[in-house]
Each structure stands twice: as C-alpha cells, then as structure tokens.
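Here's the structure we're looking at; comments come further down.
The values are calculated or read from the model by the stated rules, or taken from the named source; none is laboratory data. Values in this document were obtained by computation on a predicted structure and should not be read as measured data. When we count neighbours, we look across all protein chains shown, and the Cβ atoms used for this are built from the backbone with ideal geometry, even at glycine.
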Amino acid sequence: MVPPTDPVDLKLLDLLQDEFPLNSSPWKTIGEKIGLSGEEVLSRVRDLHSRGVIRSISPILETGRIGLQASTLVAMQVPGPDIRRVVGIINEYPQVSHNYEREHDYNVWFTLSTRDQDECTRLIREIIARTGIPPDRVLNLVTLERYKIDVRFRFDGDERHG
C-alpha cells in the first residue's frame, strides 16, 4: 500500500474525518472546500479506498443513546495455533466492534457493547464456551466511564486537532 502524499488527498482525508456533510451532494460540498468537482472528490475517495488508505466512511455512534448501556473490553489467553479460529468466532458477534491480537500473555482483546450487563455477561460466557478458552484465561474489563471514543489523524500538520 502506498500512503497518500498528494496534499489534496491529505486535505481530503482531514475533511472526511471532521466535516463530512450530511446533505444530498456531500462530494460536491467537500470539493468546493478543496477546489475540486464532486466527481473528482469521489474518484479520489474510491482510489484511497482501493489502496486501503480508507477502510470505511461511517458514523461514530453514542451507544448509550441507541440503547446500548453496557460495554466491556475482554482479554483472552489464546494458544497461538488457535488464534485464527477463536478470532473467527468472536468476529461473528455484531456486538463486537474491535478485535485485536496483541503481543502479551493476554493476546486477543475485543470490545463488546450490549443493551445491559446481563446480555454482556451472557455473550462472554457463550464466546468462552464456543472457543473452549478456560474462563480463568479470560478478563472481563467492564467499562465504568467513557472518556473518549474517537480518533483523528492530522494530515495538515496542526497538532492541536490530533
């Protein structure tokens, strides 16, 4: 994958993160800010997507406002040969938003958001049963308070926004 080096692509990436317009012509609106037509913007976005620079364009939801009152970070000790199988099972759950392999004794980490703590506990037990990972090799790190759920990568060099 070749990273974007074109200053226009970098500005486009900043705008896609911060100012995606919610109107009937978002590509045109973005284009007006960087001196391109809507078609040129869409073409660049498609190119950045095809090169793997952009994975998706999607909202960040306030989970509590859509009825998801419980969330947790789960860490598991998974034997190396079983990682792909276990990760595949975890990824079947739409309640899982992130799933990572880490270099640590607890080498598989995932986040889970559910309607309530009972559902969260039930799903973790189900995942444990399906994966065969012993419960004493699983940490359930329940979210007590959320301080930040967002990330921005700055391409304009302005560190105040990063």
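The table for this structure:
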| item | result |
| --- | --- |
| Residue 87 being surrounded by 17 or more Cβ atoms within 10 Å (Cβ to Cβ), in contact with a helix residue (DSSP H, G or I) (Cβ under 6 Å, 6 or more places away or on another chain), assigned by TED's automatic domain parsing to the domain that holds residue 137 and closer than 13 Å to residue 133 by Cα | no |
| Pair list, Cβ under 7 Å, 6 or more apart: region 111-140 residue assigned by TED's automatic domain parsing to the domain that holds residue 99 and of a type in the set (Lys, Arg), other residue at pLDDT 95 or above and part of a helix (DSSP H, G or I) | 130/89 |
| Residue among 34, 90, 54, 66 that is touching a Phe, Trp or Tyr at 6+ places or on another chain (Cβ under 8 Å), free of Cβ contacts under 8 Å to residues at least 60 places away in the same chain and of a type outside the set (Phe, Trp, Tyr) | 90 |
| Filtered residues of region 69-87 (kept if assigned to a loop (DSSP other than H, G, I, E, B) and either free of Cβ contacts under 8 Å to residues at least 60 places away in the same chain or of a type in the set (Val, Ile, Thr) (or both)) | 69, 78, 79 |
| Residues of region 21-50 classified as surrounded by fewer than 13 Cβ atoms within 10 Å (Cβ to Cβ) and under 22 Å from the mean Cα position of the chain (by Cα), total | 3 |
| Filter pass, residue 66 being surrounded by fewer than 17 Cβ atoms within 10 Å (Cβ to Cβ), of a type in the set (Val, Ile, Thr) and under 30 Å from residue 138 (Cβ atoms) | yes |
| Test: residue in region 22-32 that is farther than 17 Å from residue 155 by Cα, at pLDDT 90 or above and basic (Lys, Arg) | yes |
